[in-house]
Amino acid sequence: MYISVKEAKAKQEKMREQVVIKPLEKEISTVAGADLSFDKNSDKVQAGIVILRLPGLKVVARSAVTTEVDFTYIPGLLAFRELPPLKKAWKLLKIKPDVLILDGHGIAHPRRLGLATHFGILMDHPTIGCAKNNLTGNFEQPRSEKGSYRYIIDDGERIGIVLRSRTNVNPIFVSPGHKVSFEDSREIVMRCLSRYKLPETTRKAHALVNRLRRGETEPGYIEF
DNA sequence: GCGACAG
DNA sequence: ATCTTGTCGC
């Protein structure tokens, strides 16, 4: 840990004024999912990004790398642990997706600077946060049908969306990361859903990093 | 002090 | 996140 918890939080407080929440300017044709896989007893991690074509959800390209983490997991400071590996996978991509969906929150964060937001600002790219659990704020349960949603409120401020991604299944937590709106975030995640709880972007990215960790695939960049 | 707490 | 097979329920 080259940075202290106090410094990390101060950095988030300074970066929060750089967050941009606004509608995407052009129609998107590609989306990507990013994820990490950790080693049980070492600091080795594999990071991967999978780009999908938007109507269709077919894989366009993917990048995967193996590195090491130097920051332990602390709720609210996830970005300091996962950002370095994700940046490597991102830079390996020869083609960039119109929007990137990350595993974690966007502005639905105590200081409005979750992983997706932090990554978006650093890479100056549109991002969306999609988490399996809530971190902060309150919300009411959305109806049980797929597509139903409610907003997450924190200190009277709208910070995210609780989305029922599959009928009768616990909802997922979506929030704008950077350079996208709440509507964009919800609609894009909806378009990435198939028959499962999680969007194909995160499912594909998750499968990729796990295959790399088991040595079932090679690291690097591949275009399909 | 107590409870909450993305991955 | 990770350790892991079967099993219950829509």
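The values are calculated or read from the model by the stated rules, or taken from the named source; none is laboratory data. The structure displayed is predicted, hence computed values, not measured ones. Glycine gets a Cβ as well: all are built from the backbone with ideal geometry, and neighbour counts include every protein chain shown. Areas reflect the complete protein model, heavy atoms only, side chains present, ligands, DNA and RNA absent. Shrake-Rupley method; radii C 1.70, N 1.55, O 1.52, S 1.80 Å.
Consider segment A:1-35 and keep the residues that are among the small types (G, A, S) and part of a loop (DSSP other than H, G, I, E, B). The one that is nearest to A:K179 (Cα to Cα) is A:S29. Answer yes if at least one residue in segment A:104-118 is among the polar types (S, T, N, Q) and within 28 Å of A:A10 (Cβ to Cβ), and no otherwise. Among the residues of segment A:104-118, at least one is among the polar types (S, T, N, Q) and within 28 Å of A:A10 (Cβ to Cβ), which makes the answer yes. So, in segment A:20-38, of the ones that are among the aliphatic types (A, V, I, L, M) and within 16 Å of DNA strand C (Cβ to nearest atom), which residue ends up nearest to the chain's Cα centre (by Cα)? It comes out as A:A34.
Each residue in segment A:84-110 was checked for being within 16 Å of DNA strand C (Cβ to nearest atom) and either within 12 Å of A:S185 (Cα to Cα) or open to solvent by 60 Å² or more (accessible area, probe 1.4 Å) (or both), and 3 of them qualify. The residues listed here are A:I159, A:I128, A:I121, A:I107; of these, the one that is assigned to a strand (DSSP E or B) and either more than 16 Å from A:T202 (Cβ to Cβ) or without any contact (Cβ under 8 Å) to a residue 24 or more places away in the chain (or both) is A:I159. Within segment A:195-206, residues that are over 16 Å from A:V59 (Cα atoms) sit with their Cβ atoms under 7 Å from residues that are within 12 Å of DNA strand C (Cβ to nearest atom), at 6+ positions apart or across chains, in these pairs: A:Y196/A:R166; A:Y196/A:R203; A:K197/A:R166; A:K197/A:V169; A:K197/A:I172; A:L198/A:I172.
Go through the residues of segment A:15-37 one by one and say whether even a single one is open to solvent by 40 Å² or more (accessible area, probe 1.4 Å) and closer than 22 Å to A:Y221 by Cα. Yes, segment A:15-37 contains at least one residue that is open to solvent by 40 Å² or more (accessible area, probe 1.4 Å) and closer than 22 Å to A:Y221 by Cα. In segment A:45-54, how many are in contact (Cβ under 8 Å) with a residue 40 or more places away in the chain and either surrounded by fewer than 17 Cβ atoms within 10 Å (Cβ to Cβ) or more than 19 Å from A:D70 (Cα to Cα) (or both)? Of the residues in that region, 5 qualify. Before we move on, is A:G114 open to solvent by less than 60 Å² (accessible area, probe 1.4 Å) and either at pLDDT 95 or above or more than 9 Å from DNA strand B (Cβ to nearest atom) (or both)? So A:G114 passes the test. For segment A:150-165, the set of residues classified as within 19 Å of the chain's Cα centre (by Cα) and open to solvent by 70 Å² or more (accessible area, probe 1.4 Å) consists of A:R158 only.
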